[in-house]
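**Q** Dropping the structure in here first, questions after.
The values are calculated or read from the model by the stated rules, or taken from the named source; none is laboratory data. Bear in mind that the values here come from a model prediction, so they are computed numbers and not experimental data. Here Cβ is always computed from backbone atoms with ideal geometry, including for glycine, and neighbour counts include all displayed protein chains. Just so you know, the surface numbers come from the protein's heavy atoms only, side chains and all, with ligands and any DNA or RNA stripped out. Shrake-Rupley method; radii C 1.70, N 1.55, O 1.52, S 1.80 Å.
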Amino acid sequence: MDAQQAAALLARAPLFADLEPAELLGLGALARRRAYSKGEYIFHQGEAGDALYVLMGGRVKVVFTLEDGNEMILATLQPPDVFGELAVIDGGPRSASIQTLEPTTTLTLNRATLLDLVSRQPRVSEVLLRSLGTLVRRMIAQAGDLVFLDLHGRVAKLLLRLIEDSAGLGSEPLALDLGMTQSDLAAMVGGSRQSVNQILHLFERRGYLRLEGHKLIVKDLEALRRRAGSPTHDPLQGRAPNLGPTD
């Protein structure tokens, strides 16, 4: 990939969208293209963070691993998302791992290049700060969901977020190709695979959605929204379910 092609790809990312063509071309000359197969780790939690990644193709998941080996998926990312910025900015180790959900392509910029750009382009610094602010807000929201929503509500809220990320919340019916396993879904909501499977089939029986393998067809978006905002006690289910360990 030449510098012109890399510059065109970098321009798609909000972090670099406002840069002048000459600046983008310079970054493109320094960027390195990497390709990863499905299931491959791009980096691991705890490693030194010396590069920022721009997602050009494919999808990845952000995985946090607890000391006991259990994992929680904090987010899924798709083009033109950027990741790895936190460790690059503060010089600390990677706070989470990144694993591909499908064949994936990235462009990488090393830490020295990014810090030099930030020093010369205040706009890039503003976008980075917004990105970190979004990350903090997401973590706070997820912590609140674990406290105030039962597992049914967390699954409903996750499905809404995945739909919005992939296609937007438009007219019904909405089709969502999950592109991940039920174990992945469970790791995103703090439950077990078995519990998430039961909840998806319960939603299907209630007419919220229809399951077709890895594809999910939303039939009643408003019902799914109501369930996502419901309190911990579900009057249709009685006691809130035992969450169990993360799968």
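**Q** Within region 107-121, is there a residue that is within 27 Å of ALA11 (Cα to Cα), part of a strand (DSSP E or B), out of contact with any Gly (no Cβ under 9 Å at 6 or more places or on another chain) and modelled with pLDDT under 90?
**A** Looking for residues that are within 27 Å of ALA11 (Cα to Cα), part of a strand (DSSP E or B), out of contact with any Gly (no Cβ under 9 Å at 6 or more places or on another chain) and modelled with pLDDT under 90, one finds none in region 107-121, hence no.
**Q** Here's something else I'd like to know. Kindly check whether there is at least one residue in region 22-31 that is under 21 Å from ALA87 (Cα atoms) and open to solvent by 40 Å² or more (accessible area, probe 1.4 Å).
**A** Checked against the condition, which is being under 21 Å from ALA87 (Cα atoms) and open to solvent by 40 Å² or more (accessible area, probe 1.4 Å), region 22-31 yields at least one hit.
**Q** Inspect all residues belonging to region 38-50 and state whether any of them is touching a Phe, Trp or Tyr at 6+ places or on another chain (Cβ under 7 Å) and over 27 Å from LEU146 (Cα atoms).
**A** Yes, there is a match, as at least one residue in region 38-50 is touching a Phe, Trp or Tyr at 6+ places or on another chain (Cβ under 7 Å) and over 27 Å from LEU146 (Cα atoms).
**Q** If you go through region 17-37, how many residues are within 17 Å of GLN78 (Cβ to Cβ) and modelled with pLDDT under 95?
**A** Final tally of qualifying residues: 1.
**Q** Enumerate the pairs (first residue in region 116-128 and without any contact (Cβ under 8 Å) to a residue 60 or more places away in the chain; second residue anywhere and surrounded by 12 or more Cβ atoms within 10 Å (Cβ to Cβ) and of a type in the set (D, E, K, R)) with beta-carbon separation below 9 Å, excluding pairs fewer than 6 apart on the same chain, so at least 6 apart or on different chains.
**A** That search, which allows pairs on different chains as well, returns ARG120/GLU23.
**Q** PRO80 fails exactly one of the following numbered conditions: (1) out of contact with any Pro (no Cβ under 9 Å at 6 or more places or on another chain); (2) at pLDDT 90 or above. What is the number of that condition?
**A** It is condition (1) that PRO80 fails.
**Q** For the structure I just gave you, tell me whether SER119 is of a type in the set (S, T, N, Q), open to solvent by 60 Å² or more (accessible area, probe 1.4 Å) and closer than 18 Å to GLU23 by Cβ.
**A** Yes: the conditions hold for SER119.
**Q** Next question, about the same structure. Assuming GLY69 fulfils every condition listed in (1) in contact (Cβ under 8 Å) with a residue 24 or more places away in the chain; (2) farther than 23 Å from GLN5 by Cβ apart from one, which condition is it?
**A** (1)
**Q** May I ask you to say which residue of ALA6, ALA96 is more than 16 Å from the chain's Cα centre (by Cα), over 15 Å from LEU114 (Cα atoms) and surrounded by 14 or more Cβ atoms within 10 Å (Cβ to Cβ)?
**A** Of the residues listed, the single one that is more than 16 Å from the chain's Cα centre (by Cα), over 15 Å from LEU114 (Cα atoms) and surrounded by 14 or more Cβ atoms within 10 Å (Cβ to Cβ) is ALA6.
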